[in-house]
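Just so you know, all these numbers are worked out from the coordinates, no wet-lab data involved. Worth saying up front: this structure is predicted, and the values here are computed from it rather than measured. So basically every Cβ, Gly included, is an ideal-geometry build from the backbone, and we count neighbours across all protein chains shown.
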């Protein structure tokens, strides 16, 4: 691997930094966008069950909020009724929507940076390609840089290596980054929809508690 990096020249280091950054983002999103951290399947039913006879005590609400992002959204509804037991439907929805927007922001976090990696990597590869082409033309210049015929084969080979390796590395980074960005964006959107559906169902439950 080291000989390839050396053959690719100094432009490859920006691509290596880009790849490390992109890999870190992919790993972070893989850890953060897990179902148990976002919306455990039985959590909504459990929250409804423990509150069938009234709002649970604050420590239970705090435990719910610490459970997951969905738990935070549901806990925000309980807290609205804790502050104002006669809260209107609009107030309940506002409290849940505020928590939902914060949850959506957490789901979308770092996706913009991953999209930037997918966009920047081929451009960095193109930069390396251009630099390699400059070296190729420089190697083919004659004495004084005016006439062909005095080309340096070693410099020519190095210029070709720089151009091709950087192009390849740029695409090797950009394609997986684009795939992961689209995958995580779709996953985040699916979680947002799931939170919205759960919040709507929970509002009706909270309204029954208010009565």
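Working from label points 7 Å from Cα in the Cα-to-Cβ sense, the residue 46 to residue 84 distance is 3.0 nm.
The translational diffusion coefficient of segment 42-96, from Stokes-Einstein at 20 °C and 1.002 mPa s with a Kirkwood hydrodynamic radius over alpha carbon pairs, comes to 192 µm²/s. Each peptide among 45-56, 114-125 gets the average number of other Cβ atoms lying within 10 Å of its residues, and from highest to lowest they stand as 114-125, 45-56. As a proxy for reagent exposure, 43, 102 were ordered by neighbouring Cβ count within 10 angstrom, fewest first; the result is 102, 43. Each pair of Cα atoms in segment 2-210 enters the Kirkwood radius, and Stokes-Einstein at 4 °C and 1.567 mPa s then converts it into a translational diffusion coefficient of 62 µm²/s. Subtracting the Cα-Cα distance of residue 164 and residue 108 from their residue separation scaled by 0.36 nm leaves 16.7 nm. Full extension of the segment from residue 53 to residue 24, taken as 0.36 nm per residue of separation minus the current Cα-Cα distance, would add 5.8 nm.
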